[in-house]
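The values are calculated or read from the model by the stated rules, or taken from the named source; none is laboratory data. In this text the structure is predicted, and so the values were computed from the model without any measurement. With ideal geometry, Cβ positions are generated from the backbone for all residues, glycine too; neighbour counts draw on all protein chains shown.
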Amino acid sequence: MRAFDRLVEGLVRWANGFVIVVSFFFAIVLPVSVVLRYVFNYGFEWVDELSSILVSTVMFVALAVCFAENMHIRIDALLKVLPAPARRFVLRCSHAITAAFFVLVGYFGYYVAEADLGISMSTLPLRRGVFLFVIPLASALAVLCELRNIARTFTERAQRGDELDGARS
């Protein structure tokens with residue numbers, strides 16, 4: 001279990017770093033592009049196309065990070081009134097359904113990315129599918145995070161009710 005936790009934590013750290021780097025890119029390039037376009041009547045042609053693809057890329061990676069940290073939106077009013085054993089069961093089912101959903105997203109995301117490898121970007125010498133391979137990769141990370149969350153509901157701490165949703169304390 002510890003090795004699995006370390007693996008997921010390492011992948012989540014990498015994903016956080018990716019989100020930070022791309023966000024830094026947006027924070028620098030987009031304002032510079034706006035100033036160049038409206039002040040100097042010159043702009044980078046590639047900024048719009050690359051930004052639109054990177055936004056979706058960052059969203060998928062950030063989504064997986066949110067599942068790792070249990071920062072996703074959840075209505076827990078029902079969970080609070082359930083006894084601890086029922087609460088753990090509902091949480092395990094919720095995590096399992098979410099993991100199954102991301103298995104499907106990753107499966108179909110792979111085929112979309114593979115199909116888009118044949119489509120060139122209009123302003124950069126890159127294929128669109130290269131960026132879309134983040135869908136199956138981020139989906140795999142989300143599945144790993146949900147499996148870890150399921151495992152955490154079985155820990156001694158969760159049995160006491162301190163950490164029922166698998167989030168960090």
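Annotations for the structure displayed:
- Applying a threshold of 6 Å to beta carbon distances and a minimum spacing of six or more residues, or different chains, the list of pairs starting in the range 89-106 at a residue that is closer than 18 Å to residue 71 by Cα and ending at one that is hydroxyl-bearing (Ser, Thr, Tyr) and assigned to a helix (DSSP H, G or I) reads 102/139.
- Taken over the range 119-131, the criterion of being in contact (Cβ under 8 Å) with a residue 24 or more places away in the chain and part of a helix (DSSP H, G or I) is satisfied by 128, 131.
- All conditions but one from (1) under 18 Å from residue 137 (Cβ atoms); (2) surrounded by fewer than 13 Cβ atoms within 10 Å (Cβ to Cβ); (3) within 15 Å of the chain's Cα centre (by Cα) apply to residue 18; the one that does not is (2).
- Residue list for the range 101-118, restricted to those being outside any helix (DSSP H, G or I) and among the aliphatic types (A, V, I, L, M): 117
- Residues of the range 48-95 that turn out to be under 30 Å from residue 122 (Cα atoms) and β-branched (Val, Ile, Thr), as a count: 5
- Residue match in the range 42-60 (condition: under 21 Å from residue 137 (Cβ atoms), crowded, with 17+ Cβ neighbours inside 10 Å, in contact with a Ser or Thr (Cβ under 8 Å, 6 or more places away or on another chain) and modelled with pLDDT under 85): yes
- Any hit, the range 32-41, residues being among the aromatic types (Phe, Trp, Tyr) and either in contact with an Asp or Glu (Cβ under 9 Å, 6 or more places away or on another chain) or in contact (Cβ under 8 Å) with a residue 24 or more places away in the chain (or both): no
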